[in-house]
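J.: Sharing a structure below in structure tokens format, with a few things to ask.
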Amino acid sequence: MTSAGRIFSGVQPTGNLHLGNYLGAIKNWVELQTDFDCIYCVVDLHAITVPQEPVNLRRSIREVTACLIASGIDPSRSVLFNQSRVPQHAELAWVFNCVARLGWLNRMTQFKEKAGMNKENATVGLYAYPTLMAADILCYKATHVPVGEDQKQHLELTRDIALAFNSMFDVDFFPQPEPQIQKTASRVMSLRDGTSKMSKSDTSDATRINLTDSVDDIAQKIKRAKTDPEALPSEAEGLADRPEARNLVRIFSGLSGRTESHILAEFGGQGFGVFKPALAELVVDVISPISQKMNQLLAEPDEIDKLLASGAEQAYAITGPVLEDVKKIIGLTPP
């Protein structure tokens with residue numbers, strides 16, 4: 001482990017990843033490999049908390065794996081695997097089901113949002129999702145977790161479960177994982193509505209840039225992205241009440257590494273007819289190599305499966321001893 005600590009993060013295999021995933025998480029994950037011992041997981045057990053078509057799920061696991069590698073996650077530097085290959089995740093989740101309290105889970109707002117009005121028909125897996133997430137993190141004794149706004153509450157629950165386990169059995173065993181501040185992360189919004197987050201669940205493909213989009217697709221989506229009739233301002237404050245303009249400038253900033261102020265100093269006073277082609281060219285420059293690499297990897301699915309199997313062996317080597325210790329602590333096996 002490096003001196004900075006151990007990172008754990010996961011992504012669901014639920015269809016093509018998009019520019020929001022890249023700028024919101026994956027780009028940051030790639031950079032974290034420099035300073036942290038990184039463990040990245042395709043969380044397929046989380047995916048089945050809602051109905052999945054088996055053929056599509058298998059394909060999505062490979063696609064997401066290929067996307068992560070194509071984006072810069074290096075299996076020789078980080079542990080990369082899919083969750084279901086490492087049984088300690090599910091085993092520790094059951095232990096945590098016996099530690100967590102119903103009141104804690106009842107406060108989880110994400111379950112309420114996903115279950116909607118028909119929560120009595122939601123699966124137990126969807127309800128207990130946060131205890132599996134806690135197990136994902138703590139079976140590696142991860143010290144840091146990159147989280148977005150929608151996962152902060154689940155990380156707090158993970159910390160509560162770790163503390164409760166330690167207190168229940170009078171041990172100092174599980175760490176209190178800290179949120180890892182994503183310095184380079186950008187919150188990317190829909191290309192058709194600057195107030196809504198870019199999402200793969202949106203019915204319209206025009207709302208997002210998929211990491212598998214062609215050069216022509218990218219150019220057309222940027223060209224048709226919603227804007228307003230005003231020219232770009234010369235200073236960032238001028239974007240305050242212009243969500244679509246702010247979103248496009250933010251995408252440019254996230255991909256180029258330049259500040260919004262620097263970008264507006266160049267494009268301020270000019271219309272989107274000038275800015276959009278420059279943005280489209282930048283998006284293509286970043287996304288096209290990822291898409292090409294993904295296609296190369298997906299042409300050899302057996303190789304992807306071998307990489308996942310190798311990553312699972314590495315993960316198992318970490319989680320196996322942790323679960324053995326847990327069993328001894330709680331009395332399932334002799335000390």
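The values are calculated or read from the model by the stated rules, or taken from the named source; none is laboratory data. Note that the coordinates shown come from a computational prediction; the quantities given were computed from them, not determined experimentally. With ideal geometry, Cβ positions are generated from the backbone for all residues, glycine too; neighbour counts draw on all protein chains shown.
J.: For segment 19-54, which residues satisfy the criterion of being modelled with pLDDT under 95, in contact with a helix residue (DSSP H, G or I) (Cβ under 7 Å, 6 or more places away or on another chain) and among the hydroxyl-bearing types (Ser, Thr, Tyr)?
T.: Hits for segment 19-54 are Tyr22, Thr49.
J.: Also: Give the residue that is surrounded by the fewest Cβ atoms within 10 Å (Cβ to Cβ), with candidates limited to residues of segment 180-196 that are touching a strand residue (DSSP E or B) at 6+ places or on another chain (Cβ under 8 Å) and farther than 17 Å from Ser253 by Cα.
T.: Looking at the filtered set, the residue picked out is Thr195.
J.: Residues of segment 162-198 being among the polar types (S, T, N, Q) and either modelled with pLDDT under 90 or more than 21 Å from the chain's Cα centre (by Cα) (or both), which ones?
T.: As a first pass, look at segment 162-198 and keep what is among the polar types (S, T, N, Q): 166-167, 176, 180, 182, 184, 186, 190, 195-196.
Asn166, Ser167, Gln180, Gln182, Thr184, Ser186, listed by residue number.
J.: Then there's this: Please verify whether segment 227-249 includes one or more residues that are within 14 Å of Ala280 (Cα to Cα), assigned to a strand (DSSP E or B) and in the same structural domain as Val286 (by TED's automatic domain parsing). Quick ask: steps written out before the conclusion?
T.: So in segment 227-249, the residues within 14 Å of Ala280 (Cα to Cα) come out as 247-249.
Those still in the list that are assigned to a strand (DSSP E or B) too: none.
Checked segment 227-249: no residue is within 14 Å of Ala280 (Cα to Cα), assigned to a strand (DSSP E or B) and in the same structural domain as Val286 (by TED's automatic domain parsing).
J.: Is it the case, given these coordinates, that Lys112 is outside the structural domain of Leu323 (by TED's automatic domain parsing) and within 21 Å of the chain's Cα centre (by Cα)?
T.: Answer is no for this residue.
J.: When you check Glu313 against the structure, is it closer than 18 Å to Asp44 by Cα, out of contact with any strand residue (DSSP E or B) (no Cβ under 8 Å at 6 or more places or on another chain), assigned by TED's automatic domain parsing to the domain that holds Ile137 and not β-branched (Val, Ile, Thr), yes or no?
T.: Yes: the conditions hold for Glu313.
J.: For residues that are without any contact (Cβ under 8 Å) to a residue 60 or more places away in the chain and hydrophobic (A, V, I, L, M, F, W, C), scanning just segment 160-188, find the one that is farthest from Lys141 (Cα to Cα).
T.: Ile181
J.: Does Glu91 satisfy the criteria of being assigned by TED's automatic domain parsing to the domain that holds Phe169, among the acidic types (Asp, Glu) and either at pLDDT below 95 or surrounded by 18 or more Cβ atoms within 10 Å (Cβ to Cβ) (or both)?
T.: no
J.: Next question. Looking at segment 210-233, which of its residues are farther than 17 Å from Leu19 by Cβ, without any contact (Cβ under 8 Å) to a residue 40 or more places away in the chain and surrounded by 15 or more Cβ atoms within 10 Å (Cβ to Cβ)?
T.: Pro233
J.: Got a sec? Which of Val322, Val283, Val326 is in a helix (DSSP H, G or I) and farther than 30 Å from Phe174 by Cα?
T.: Val283
J.: Quick one: which residue in Leu45, Leu32, Leu57 is outside the structural domain of Ser291 (by TED's automatic domain parsing) and in contact with a Leu (Cβ under 7 Å, 6 or more places away or on another chain)?
T.: Only one candidate passes the filter, namely Leu45.
J.: Residue check: is Leu57 part of a helix (DSSP H, G or I), of a type outside the set (Gly, Ala, Ser) and more than 15 Å from the chain's Cα centre (by Cα)?
T.: yes
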